[in-house]
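Data block below; observations after.
The values are calculated or read from the model by the stated rules, or taken from the named source; none is laboratory data. Just so it is clear, the structure is predicted and the values come from calculations on it, not from any experiment. Cβ placement follows ideal geometry from the backbone for every residue including glycine, while neighbour counts extend to all protein chains displayed.
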Amino acid sequence: MIAVKRRILILTFSLLSVICNAQSAYNQLVWADEFNYSGLPDEQKWSYDKGDGCPDLCGWGNNELQYYTVGRSGNARVEDGALIIETHKESCNGREYTSARLVTRGKGDWKYGRIEIRAKMPYGLGTWPAIWMLPAMKPEDYSWPLEGEIDIVEHVGYNQGTVYGAIHTLAYNGMKGTQKVDSIRIDDAHEAFHTYRIDWSPEKMEWFVDNVKYQTIVKDGDDKAKWPFDKPFYLIMNIAVGGNWGGKYGVAEDIWPQRLVVDYVRVYQ
């Protein structure tokens, strides 16, 4: 009987843990794209970053190999109820790959909240998809990493089946190797949709996959170098090719095209 009670208690605790992980202080939907249309992404909600970032950020600062196109359905389109960001191996303006980088800058900027995206990752060596956030300021006024970066989910093809969440600040960033980051194993991330989410409050950020929390980062004082996350940020979704991280072990020649498929984006406050 004692063993039975113990098993019941363990099961109850496990269920309560899942419920607690799934709960959020932010439940009012304030912005969304359900992608229940066809054609190019909704221009009322999405814009594009264009090109290869040169000369100021050649390869977008990471030695990436792609050229981001604008309004090209081959690289970004909505069909069958989902947004498709698709990367091709093809020459374009001196680059060997084309892709798309969609942004909500000026059309969706938020300070705190729950940001939730249901998505399926691409596959293969050299792919580097990301769903992330930067401050809602003019690009010429932005200084990385002083103003901060929030990575809701990143994936690199050489470590297929692992997804990452991180922040970058002046004190904690990838160039110094001090970024605050954690990961979770999702073996079928490229085969099935999963829900990637952050809960961002004035005191902390929490990362979830399918409502299971795998990381918490707590505000480390009021020093902007450590916590610049007290201002609005906008959303970015893209696939990069190669680069300092994504191309660490090379880029496969025979896997293209590759897709980041997004079922929906929802923001709650």
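So that you can scan it fast, the table gives a plain yes or no per residue for (1) within 15 Å of the chain's Cα centre (by Cα); (2) over 25 Å from residue 55 (Cβ atoms); (3) among the polar types (S, T, N, Q):
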residue: 99; (1), (2), (3): no, no, yes
residue: 104; (1), (2), (3): yes, yes, yes
residue: 107; (1), (2), (3): no, yes, no
residue: 117; (1), (2), (3): yes, yes, no
residue: 122; (1), (2), (3): yes, yes, no
residue: 129; (1), (2), (3): yes, yes, no
residue: 134; (1), (2), (3): yes, no, no
residue: 146; (1), (2), (3): no, no, no
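Exactly one residue among 167, 184 is closer than 23 Å to residue 218 by Cβ, in contact with a Phe, Trp or Tyr (Cβ under 6 Å, 6 or more places away or on another chain) and touching a residue at least 24 places away in the same chain (Cβ under 8 Å), and that residue is 184. For the condition without any contact (Cβ under 8 Å) to a residue 12 or more places away in the chain and out of contact with any helix residue (DSSP H, G or I) (no Cβ under 9 Å at 6 or more places or on another chain), residue 90 qualifies.
Contact map, the stretch 138-153: residues that are over 10 Å from residue 173 (Cα atoms) paired with residues that are of a type in the set (D, E, K, R) and at pLDDT below 95, Cβ distance under 9 Å, separation 6+ or inter-chain. Pairs shown: 147/141. Count of the stretch 54-89 residues, restricted to those that are outside any strand (DSSP E or B), of a type in the set (Val, Ile, Thr) and in contact with a Ser or Thr (Cβ under 6 Å, 6 or more places away or on another chain), is 1. For the stretch 209-249, a residue qualifies if it is of a type in the set (Phe, Trp, Tyr) and either within 30 Å of residue 59 (Cα to Cα) or free of Cβ contacts under 8 Å to residues at least 12 places away in the same chain (or both), and the qualifying residues are 227, 229, 233, 234, 245, 249.
Would you be able to tell me the number of residues in the stretch 135-160 that are out of contact with any strand residue (DSSP E or B) (no Cβ under 6 Å at 6 or more places or on another chain) and closer than 22 Å to residue 195 by Cβ? Residues flagged as out of contact with any strand residue (DSSP E or B) (no Cβ under 6 Å at 6 or more places or on another chain) and closer than 22 Å to residue 195 by Cβ within the stretch 135-160 amount to 2. Residues that are assigned to a loop (DSSP other than H, G, I, E, B), at pLDDT 95 or above and either basic (Lys, Arg) or closer than 17 Å to residue 64 by Cβ (or both) within the stretch 147-175 comprise 155, 156, listed in sequence order. Applying the set (1) touching a residue at least 24 places away in the same chain (Cβ under 8 Å); (2) over 27 Å from residue 99 (Cβ atoms); (3) among the charged types (D, E, K, R); (4) surrounded by fewer than 15 Cβ atoms within 10 Å (Cβ to Cβ) to residue 204 leaves exactly one unmet item: (1). Within the stretch 247-268, the residues that satisfy the criterion of being out of contact with any Ser or Thr (no Cβ under 8 Å at 6 or more places or on another chain), of a type outside the set (Lys, Arg) and either under 26 Å from residue 80 (Cβ atoms) or surrounded by fewer than 16 Cβ atoms within 10 Å (Cβ to Cβ) (or both) are 249, 250, 253, 254, 260, 261, 262, 263, 264, 265, 267. Of all residues in the stretch 217-269, those that are part of a loop (DSSP other than H, G, I, E, B), modelled with pLDDT of 95 or more and at positive phi total 1. For the stretch 176-216, filtering for residues that are more than 15 Å from the chain's Cα centre (by Cα), closer than 23 Å to residue 34 by Cα and part of a loop (DSSP other than H, G, I, E, B) leaves 4.
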